[in-house]
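One structure below.
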Amino acid sequence: MQKHVHEKGAVSIEKLIANIKDMPNFYKVGAIAIFVGIVRGENHRGEKVQKLEVEAYEEKADEVLSEICQDLKVRKGIVDVQIHHFLGEFNVGEDLVYVLVAGAHRGNVFPVLREAIERYKKEAPIFKKEHVITQNGELRAYWVAEKET
């Protein structure tokens, strides 16, 4: 089983693309769509993000991400779907997640890419703690899911 949850920096986008190109059925691929999620410097409340901590229930997160990939790989024209989420401490601008979808045509890959992104955000037990400077200049840290509920 492919690992989907990694320590920060454990895989590169270049290596993931090379792995897709090494697949025996790569001859069926006419498009690779890629999503790179990065740490944004401002949250939805207008607070300045200093850093982000990402943790996961790793075994379950790997299982959920694997299930999402397997579900989406059977779609028409899709050859491969990969989701790789990183764990650790991140500064603004650093990569958090890579989602890659390889398929026959761009029309095949874009809807599947979007669905993979939306599903991992809702289904995977991955948790983010923001360290911010509030609009009042106060230093705060909180789990994003706790703050949004």
Could you grab me the full set of residues in the stretch 93-143 that are loosely packed, with under 15 Cβ neighbours inside 10 Å and either among the β-branched types (Val, Ile, Thr) or touching a Pro at 6+ places or on another chain (Cβ under 8 Å) (or both)?
Ile133, Thr134
Select from the stretch 92-111 the residues that are more than 16 Å from the chain's Cα centre (by Cα) and part of a strand (DSSP E or B) and list them in ascending order.
Gly103
Scanning the stretch 57-66 for residues that are in a helix (DSSP H, G or I) and in contact (Cβ under 8 Å) with a residue 40 or more places away in the chain, which turns out farthest from Asn108 (Cα to Cα)?
Glu58
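Taken together, the values in this text are just the output of simple stated rules run on the coordinates, not laboratory data. Because the structure is predicted, anything quoted here is derived from the model rather than measured. No Cβ is skipped: glycine too gets one built from the backbone with ideal geometry, and neighbour counts run over all protein chains shown.
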